[in-house]
Amino acid sequence: MAHPYHHALSSVRKWGGTPEDYIAIHAWFDESKQIIADYRHRALRHHAEGIFMAEKIFGVTVTLSTGRIIPTRWVGEQHVREDLGRIPSFADWVRAIRPEPWMGRSTTIGLEDDPRREVHP
């Protein structure tokens with residue numbers, strides 16, 4: 001699906017209500033397009049943890065304009081399945097990332113930031 005509105009229309013077909021009942025949830029899943037405007041944006045929220053995160057943000061249930069109450073998780077699962085065909089784990093996405101040397105670099109924390117450390121020119 002190309003746009004959160006189209007996901008919202010699909011939600012209306014599944015559970016009733018109006019697109020406005022769902023658009024905020026579907027838009028949240030796709031907000032990561034602000035960072036990268038291709039399918040890779042999905043790695044940030046299109047997974048099982050992202051679905052549970054949406055539940056924390058939007059609440060456990062959504063009350064539709066018709067008064068019907070449905071689980072927020074259903075909406076997230078629908079979104080991810082429509083985009084990916086399944087619900088991956090975050091680990092599935094991470095396994096697909098090719099490690100680069102810069103990803104593992106670290107510095108010793110503490111010594112260079114210690115104001116008591118004597119600096120010699």
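GNM remark for the chain: springs join alpha carbons under 10 Å apart, and the peak mean-square fluctuation among 96, 54, 24 falls on 96.
Between the residues 102, 91, 64, the greatest Cα displacement towards the positive end of the dipole of the chain, with unit charges on the Cβ of Lys, Arg, Asp and Glu, is found for 64. Kindly express, to the nearest 10 degrees and within the range 0 to 90, the angle between helix 4-15's C-alpha long axis and the longest C-alpha principal axis of the chain. For helix 4-15, the angle is close to 50 degrees.
Packing around the peptides 60-66, 10-16, 45-51, taken as the average count of other Cβ atoms within 10 Å per residue, puts them in this order, highest first: 45-51, 10-16, 60-66. Rg over Rh for the chain works out to 1.23, both radii taken from alpha-carbon positions and Rh defined as the Kirkwood radius. Please determine, in degrees from 0 to 90 and to the nearest 10, the orientation of helix 48-58 with respect to the longest principal axis defined by the Cα atoms of the chain, where the helix direction is its Cα long axis. Around 70 degrees separate the two axes.
Bear in mind these aren't lab numbers, they're just calculated from the coordinates by the rules spelled out. Since this is a predicted model, take the numbers as computed values, not measurements. Positions of Cβ are backbone-derived with ideal geometry, glycine not excepted, and every protein chain shown enters the neighbour counts.
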